[in-house]
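Just so you know, all these numbers are worked out from the coordinates, no wet-lab data involved. If you're wondering where the values come from, they're calculated on a predicted model, not measured in any experiment. Note: ideal-geometry Cβ built from the backbone for every residue, glycine included; neighbour counts use all protein chains shown.
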Amino acid sequence: MSDAVATPSQGPLAMICGGGALPLAIADYVAARGRKVVLFPLIGAADGLPVENYPHHWIYIGQIGKFMRLARAEGASDVVFIGALVRPRILQTRPDLKALMIMPRVLKAFRGGDDHLLTGMARLLEDEGFHLRGAHEVAPEILAPAGVLGSVQPSEADRADIELGLDYLDAASPFDIGQAVAIANRHVLAVEAAEGTDQMLARVAELRANGRVRSAKGRGVMVKAPKRHQDRRFDLPSIGPRTVEGVAQAGLAGIAVVAGATVVAEADKLLAAADRAGIFIVSVPERRS
């Protein structure tokens, strides 16, 4: 989605993969530039991910020592985290000996929001000589450009809802809660928390079915934006075809994201689905604090 080109580092890229379409899309972009990609799909998160076309090693999220050993054997010092991941309980991570040795730091990372957790885990790897990269650094094509991305245009009322959504997300960002909010007629319908965007949209659909949403169907916007001061190597807001499906089922008019700070999965499918559903997708300039 962007014409920018990242300067690739030397050596293979290790990708720790959760679920969804993004890990393989990014692997394809990186491999097309001639860089070797080694996938580390996470058991319980990336199950079913078709990784056969790449060198890969299945690991549990707590197998820090195993990851380090295998990544070093592959010659990879650059690491990318990408894909959907439901935060596990600490005992579900299957910690190996290395993880147990640094367990106090692991436990400290788990005490906080997702951004706190990911940044804490990143520091653990960086202390071992690895370099954490953002997916957008190795595959800038995935970032949303500015402007209306499909054929449907947002109305002035939609743009007012977008501004309110951005105001809310900016104000809430210090609490490390979520990256999305649903707004209709300048009324907050739902806020993303631990359930994730898809479930937030399902909640709006349920509220509408129960008569708790008073705005007409086809009004309202789902707004996504990164948190203020977020470590953008991890967990940038993302949208894909499933997002369009959820927005349509929730009876909203469209999607608003931040240009250059939002990952777009399966862009062609996303835009085709949005046009079919009459859903607008607009990418707005980032606010500078």
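A few comments on the model shown:
- Shape summary: region 123-226 maps onto an equivalent ellipsoid whose semi-axes, from the alpha-carbon gyration tensor, are 31, 18, 13 Å in decreasing order.
- Neighbours of residue 75, meaning other residues whose beta-carbon lies under 13 angstrom from its beta-carbon, give a summed charge of +2 when Lys and Arg score +1 and Asp and Glu score -1.
- Gyration tensor verdict on the chain (Cα atoms; rounded if a/c is under 1.5, prolate if a/b is larger than b/c, oblate otherwise): prolate
- Sites residue 58 and residue 156 - FRET efficiency at Förster radius 45 Å, r taken between beta-carbons, to 0.05: 0.35
- Size estimate for region 208-258 follows the Kirkwood approach: the inverse of mean 1/r over distinct Cα pairs works out to 12.5 Å.
- Within-12-Å neighbourhood charge of residue 134 [Cβ basis; K, R +1; D, E -1]: -1
- Overall form of region 143-284 per C-alpha gyration tensor (a/c, 1.5; a/b vs b/c): rounded
- Peptides 249-260, 194-205 ordered by average Cβ neighbours within 10 Å, highest first: 249-260, 194-205
- Proximity of backbone amide H atoms, modeled 1.01 Å from N, is registered between residue 78 and 14, 131 at under 5 Å, excluding neighbours fewer than 5 places apart on the same chain.
- Contact order for the chain, expressed relative to its length and based on alpha carbon pairs under 8 Å spaced 6+ residues apart, stands at 19 percent.
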